[in-house]
1. Name every residue in segment 164-194 that is part of a loop (DSSP other than H, G, I, E, B) and either at pLDDT 95 or above or under 20 Å from the mean Cα position of the chain (by Cα) (or both), in order of residue number.
2. Quick check on this structure: which one of 41, 35 is under 25 Å from residue 273 (Cβ atoms) and at pLDDT below 95?
3. Inside segment 195-209, can you point out the residues that are at pLDDT 95 or above and surrounded by fewer than 19 Cβ atoms within 10 Å (Cβ to Cβ)?
4. Restricting attention to segment 225-243, which residues are more than 22 Å from the chain's Cα centre (by Cα) and in contact (Cβ under 8 Å) with a residue 12 or more places away in the chain?
5. Tally the residues that are farther than 17 Å from residue 278 by Cα, surrounded by 18 or more Cβ atoms within 10 Å (Cβ to Cβ) and touching a residue at least 40 places away in the same chain (Cβ under 8 Å), restricting the search to segment 93-116.
6. Any idea which of 204, 222 is touching a residue at least 24 places away in the same chain (Cβ under 8 Å), part of a helix (DSSP H, G or I), touching a helix residue (DSSP H, G or I) at 6+ places or on another chain (Cβ under 7 Å) and under 24 Å from residue 187 (Cα atoms)?
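The values are calculated or read from the model by the stated rules, or taken from the named source; none is laboratory data. Just so it is clear, the structure is predicted and the values come from calculations on it, not from any experiment. Cβ atoms come from the backbone with ideal geometry, glycine included; neighbour counts cover every protein chain shown.
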């Protein structure tokens, strides 16, 4: 059994079952929930996954100039968070150019500058919600378009049901660039008890109380759901909605934090195999 955290390993059924997707049969190769022996080991893991999340955003074409910022809370110093450097394309983010910042936007480790808008939004959310460990935001094509409608996603598919009654529409500061501290403070309260937000006239934001992998995957999934709903509405036909009870059932099985983490594992495996420079 490989002991590296998060690697595919033979499942021994020793870990707590949190999802029906975890194999019941012993000895199957399946992603293991990581465990860490030290803060240093945990930090290294988080930095690798933060880089992978940035590379995934590039892979899914979620870039837009210097816009877009992903953060993960440091395991030893929770008042600090790791984030991608300003003006570095998602595809060029690597371990060595990550930066560590505090809630005042001061870079305490790393050589690059911090994204002002990223600091304003993410610092406010991390500070108000100590349970949130990771957050993602980017100016994406379909998410930004859908955000202009100022309404939540409809439960039109199993994928969309992952966000059923678990995302909010934020109208505060709608369309105004978030570069002042008050902007982040007005947005932060909306993340109580939810993991995704559609910020009107701005775009998508996701958070996780579990992992950077979950926050990143659910952002990718939310963008995809926005695209699908826009496509259906453009066709001029009214979709059939998933009934409330089925939407809730689907969300409970395919919309959890763990499932977001699990969905990210194939992406991690692909990036690890094809983009080894991200570890430099």
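1. Result: 164, 165, 166, 167, 178, 192, 193, 194.
2. 35
3. 209
4. Scanning segment 225-243 gives 232, 239, 240, 241, 242.
5. 1
6. The match here is 222.
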